[in-house]
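Written out below as structure tokens is the structure these notes cover.
The values are calculated or read from the model by the stated rules, or taken from the named source; none is laboratory data. This one's a predicted model, so the numbers in the text were calculated from it and none came from an experiment. Glycine gets a Cβ as well: all are built from the backbone with ideal geometry, and neighbour counts include every protein chain shown. These accessible areas exclude ligands, DNA and RNA; they are computed on the full protein's heavy atoms, side chains included. Shrake-Rupley method; radii C 1.70, N 1.55, O 1.52, S 1.80 Å.
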Amino acid sequence: MTLLVFLWIVVVAVVAPAVFGRGVLLGLGVPGLARAVAWSHGYLLGQCLLAPLTLLQARLDWPVHGAVVPLAAGALGLALARRAARPAPSSAAPPGARAVAWAAAVAVALFVERCLAAAADPIRLSDEAMNWASKAKALFLGPWARIDEPLAHFVSHADYPLFNPLAQAQAFAAVGRVLHWENRAPVQAFGVALLVLLASALAARARPAMAAATLLALLGTRLPAYGCSAYADVMLAALAFGAFDALLRARDGDGRRWWPVACVLLAGAVATKQEGLLVAGAVIAPFAAERALAGPRRAVAGWRRGAWLALPALAALGQARFVAAYGLASDMLDAPGRAGLAARIVAQAATNGPTVLAHHLDLLLDGAATGWLPLGLFVGAPAALALRGRVVFAGGGAHAVVACGLALTAYMAVFVGTVHDVVWHLAVAAARTPLHVLPIAALGRATVAAPRAAVTRGP
């Protein structure tokens with residue numbers, strides 16, 4: 001019976017959002033995509049679009065079974081997919097794509113095996129339990145009018161954003177009760193989607209051997225360990241990479257269709273972790289800069305698309321509203337009796353700066369933490385530029401350098417301004433922060449080190 005219950009949870013909290021998001025994607029008229037890519041982008045998109053409905057369902061206490069909303073969304077996705085015009089066939093797969101597909105299959109299989117093995121260990125320790133699962137339980141159990149009581153007494157860092165707990169709450173809603181390991185499933189599915197999307201981008205933009213090696217190198221980092229848990233870090237990495245991939249596709253000529261997708265995923269990133277706002281800004285910055293440097297005429301040509309940026313702004317506003325409504329506070333942003341974060345960064349730069357810089361340099365040199373992927377990107381990009389010129393960045397390598405550099409610099413600044421002992425804070429939190437842009441660094445390193453002679457649009 002337990003297996004049947006788990007399969008039902010997967011149907012409601014994983015398959016239905018993926019069907020919904022894929023239908024929306026096809027309804028937008030996105031050109032022909034490989035099936036795996038459509039499902040993976042669809043999962044990210046579907047979960048982002050379902051999260052507000054899950055929140056409303058909890059807030060208004062709708063008198064319907066919790067599985068109704070996801071399944072209805074899935075049915076809508078099927079209808080949208082059927083009504084969508086048949087997309088033009090994808091261009092022929094680039095040479096070596098089969099080898100990358102096999103590497104992707106191996107990577108996904110190994111990752112799923114880790115996720116299934118994690119089922120033997122209930123959610124009971126660390127941030128997985130105290131921050132994320134406990135908040136999902138508080139949102140699911142209610143009553144909403146007195147939700148501040150469980151938030152205050154049972155949830156650590158109750159001010160953290162809601163996307164991860166809402167995804168877990170879908171698993172609770174599927175069976176009408178609190179769970180203790182099955183609720184990892186919708187969070188773990190973000191890791192699967194991430195691997196598939198990265199494999200597709202690598203196959204299109206890097207040589208096959210480099211693409212396959214890079215994908216498998218990612219499995220040697222801490223990403224699988226966090227991805228098979230209910231932590232929010234791989235969720236954020238998947239959404240950041242999904243947005244980066246969508247922005248690359250928009251730059252390659254499908255802006256009208258991919259730009260809204262990118263903005264929805266950026267909103268999801270903002271709603272996933274407090275760091276999501278920094279990551280979203282870092283992801284979009286190189287594309288905005290490229291547009292601005294192209295000249296005023298091109299910069300304003302698609303100004304209407306800028307309205308979609310209201311979505312990440314609304315996600316940030318909604319999170320701020322939730323925090324204010326329940327009297328929550330961030331230990332980093334609202335520390336009582338302490339100066340603001342920006343003022344602390346300036347004041348503590350001389351004392352904390354060298355420690356933070358040394359720690360992050362160690363992370364870049366730590367193969368178990370980062371697989372040397374960001375280091376390879378930052379070292380390889382200038383060398384490739386000197387040897388082969390700007391053409392080396394046609395596959396998005398320059399965008400990856402800027403996005404990863406900005407994100408990691410912003411993280412280091414936050415650690416400099418910490419209200420905690422800096423050595424302790426770095427020890428408990430710093431190792432996870434590179435994960436948020438590690439897939440972007442992986443793609444950038446591969447495209448810089450071994451770009452395809454003629455970069456093709458991803459399938």
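Just how many % of Cα pairs in the range 3-158 lie over 26 Å apart, if you round to the nearest whole percent?
When every Cα pair of the range 3-158 is considered, 44 percent fall beyond 26 Å.
Between Asp121 and Ala320, with labels modelled 7 Å along Cα→Cβ, what's the label distance in nm to one decimal, could you check?
Placing both labels 7 Å beyond Cα along the Cβ direction yields 3.8 nm.
I'm a student and want to see the number: the projected area of the Cα convex hull of the chain, averaged over all directions, in nm².
Quarter of the Cα hull surface area: 21.9 nm².
How large is Rg over Rh for the range 189-345, taking Rg from the Cα atoms and Rh as the Kirkwood inverse mean of 1/r across Cα pairs? Mind dumping the intermediate values first?
On the way: Rg = 18.0 Å, Rh = 17.6 Å.
Rg/Rh: 1.02.
What whole-number distance in Å separates the alpha-carbon centres of the range 218-243 and the range 353-393?
20 Å
Please give the per residue volume of the convex hull enclosing the alpha carbon atoms of the range 1-78, rounded to a whole number of Å³.
Enclosed volume per residue, from the Cα hull, is 92 Å³.
Per residue, what volume in Å³ does the convex hull of the Cα atoms of the range 251-290 enclose?
Working: hull volume 2.1 nm³, N = 40.
Dividing the Cα hull volume of the range 251-290 by its residues yields 53 Å³.
Out of the total accessible area of the range 325-459 (probe 1.4 Å, heavy atoms of protein only), what percent is carbon and sulfur?
On the range 325-459, the fraction of accessible area on carbon and sulfur atoms equals 70 percent.
Using only the alpha carbons of the range 110-257, what is the convex hull's orientation-averaged projected area in square nanometres?
Working: hull surface 42.6 nm².
That works out to 10.7 nm², a quarter of the Cα hull's surface.
Go through the cysteines of the chain and tell me which have no other cysteine Cβ under 4.7 Å away.
For the chain, the answer is Cys48, Cys263, Cys404, because their Cβ atoms have no other cysteine Cβ under 4.7 Å.
Name the long-range amide H neighbours of Ala206: under 5 Å, sequence gap of 5 or more, or other chain; modelled H, no Pro or chain starts.
Result for Ala206 returns Arg452.
Taking the Cβ of Trp132 as the centre, find all other residues whose Cβ is under 14 Å away and add up their charges (Lys, Arg: +1; Asp, Glu: -1). Show your work: numbers first, answer last.
Numbers: positive: Arg124, Lys135, Lys137, Arg184, Lys273, Arg432; negative: Asp127, Glu128, Asp159, Asp233.
It works out to a net charge of +2.
Using a 1.4 Å probe, what is the accessible area per residue for the chain, in Å²? Mind showing how you got there, number by number?
On the way: 19640 Å² over 459 residues.
That works out to 43 Å² for each residue.
Using only helices, what value at 222 nm comes out for the chain when you add -39,500 (n - 2.57) per DSSP H run of length 4 or more and divide by the total residues, to the nearest 500 deg cm²/dmol? If you can, show how the numbers build up before the last one.
Details: 22 runs with 308 residues, N = 459.
So the calculated ellipticity at 222 nm is -21500 deg cm²/dmol.
Starting with the highest mean, order 171-177, 346-352, 280-286, 435-441 by the number of other Cβ atoms within 10 Å, averaged over the residues of each peptide.
Details: 171-177: 20.6, 346-352: 14.0, 280-286: 22.7, 435-441: 28.3.
Output ranking for 171-177, 346-352, 280-286, 435-441: 435-441, 280-286, 171-177, 346-352.
With the full set of protein chains in place, find how many percent of the accessible area of the range 56-209 is carbon and sulfur; take the probe as 1.4 Å.
Working: 4600 of 7280 Å².
Roughly 63 percent, rounded to a whole number.
With a Förster radius of 41 Å, plug the Cβ-Cβ distance of His157 and Leu365 into 1/(1 + (r/R0)^6) and report the FRET value to the nearest 0.05.
On the way: r = 30 Å, r/R0 = 0.73.
Rounded to the nearest 0.05, the efficiency is 0.85.
May I ask you to work out the translational diffusion coefficient for the range 323-432 at 10 °C, viscosity 1.306 mPa s, via Stokes-Einstein with Rh from the Kirkwood sum over Cα pairs, reported in whole µm²/s?
So the translational diffusion coefficient is about 99 µm²/s.
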